[in-house]
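Data first, discussion second: the structure below is written as structure tokens.
The values are calculated or read from the model by the stated rules, or taken from the named source; none is laboratory data. Every value quoted in this text rests on a predicted model; they were computed, and no experiment measured them. Note: ideal-geometry Cβ built from the backbone for every residue, glycine included; neighbour counts use all protein chains shown. The accessibility values were calculated without ligands, DNA or RNA, using every heavy atom of the protein model including side chains. Shrake-Rupley method; radii C 1.70, N 1.55, O 1.52, S 1.80 Å.
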Amino acid sequence: MPIGWYPGHMHKARKDITASLNAVDAVLELVDARIPYASENPILNNLIGDKPRIRLMTKSDLSDPQIDSIWLKYAQKQGMQVLLSDKKDSKTISELLNRLQQSVPDRPGRPGRVLVVGIPNVGKSTMINLLAGRKVAKVGNEPAVTKARAEIRLTSKLVIWDTPGILWPKLEDQSAAYRLAITGAIRNTAIDLADVGLAALNLLKERYQLRIQERYECDPTQSPEELLDSIGRKRGCLVRGGVDYTKTGELILNDLRNGRLGLLTLETPADIPMTANLNNE
């Protein structure tokens, strides 16, 4: 089934981001290290324009470190300022703060302003709390926690504007859309959990086949449909007449999102369509 999710507050957020860009000096964009291409919002490329821009790859505590290196090299070749971080990485957060301060000019009468943007559930609030050294943004393990823009002062010379995570009205690349759904950028209530669970199993079979066997004690050479059935039976996801595939799909997605299947990344630069790249040039 087609994947898509664009609730009303995202339309308002897009308009707010567009207006805010005229008043800020730089942009901090967050992407998910497990899906750096899929989690980059193509709309933002047009909105940001030539503003100084730093990209932070979040959730590296869940991503495959070998593929992290591939993505960092790729992005740097595109001329991007890129950092890799997880929620416990104080060293990178300190470096990020220094880069943000360097990216904004000295302006008499007001501090430099940085706009923070990213898709839902990419870890913006967690990162902002780390930058501020205190809890100033609400954190939740689901998309769409932040509903409106907020201004947070980091130093006497630097403030950041936190914005709601936004997706885009039409997810043209459905392969990327499924990866967004698998990693939790789209609410579970907006997807078919069995369908997305199958997509997750298909990716695991392609990239991390042994993880299926280790976690679920199933033959990973089975088809995704057979695996969904086997996992459901082994884990007791049953209803009268057979397996509850919705519950099984949710179980698989929770395991993947929470790191129970190990450190993994669901795409490499080779998965970027020929018509796109990290800078949407």
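Summary table
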quantity	calculated
Whole-number percent relative contact order across the chain, with pairs defined as alpha carbons under 8 Å at least 6 apart	23
Length-normalised contact order for region 47-132 - Cα pairs under 8 Å, 6+ apart - percent	29
Whole-Hz couplings from phi, Karplus 6.51/-1.76/1.60, listed for region 16-28; x for Gly and Pro	5, 4, 4, 5, 5, 4, 6, 10, 10, 9, 7, 10, 10
Simple label model, 7 Å out from Cα along Cβ direction - residue 50 to residue 106, nm	2.4
For peptides 265-273, 17-25, 110-118, sequence by mean Cβ density within 10 Å, most packed first	110-118, 265-273, 17-25
Listed peptides 99-107, 199-207 by packing density, highest first (mean Cβ within 10 Å)	199-207, 99-107
Selection from 238, 31, 111 lying farthest towards where the dipole of the chain points positive, charges on Cβ	111
From the C-alpha gyration tensor of the chain, square roots of 5λ in Å	36, 19, 17
Per residue value of the accessible surface for the chain (all protein chains in place, 1.4 Å probe), Å²	46
Gained length - residue 221 relative to residue 190, 0.36 nm times residue gap less alpha-carbon distance	8.2 nm
Surface share of carbon and sulfur [accessible, 1.4 angstrom probe, percent] for the chain	48
Mean Cβ count within 10 Å, highest first, over the residues of peptides 182-191, 254-263	182-191, 254-263
Rounded if a/c under 1.5, otherwise prolate or oblate - region 150-214, Cα gyration tensor axes	prolate
In Hz, Karplus ³J(HN,Hα) per residue of region 37-43 (6.51, -1.76, 1.60; θ = phi - 60°; x = Gly, Pro)	6, 4, 8, 8, 7, x, 4
Label zone at residue 66 (point 7 Å along Cα-to-Cβ), backbone N below 16 Å, region 183-213	204-212
Cα→Cβ-extended label distance, 7 Å offset, between residue 174 and residue 238, nm	3.5
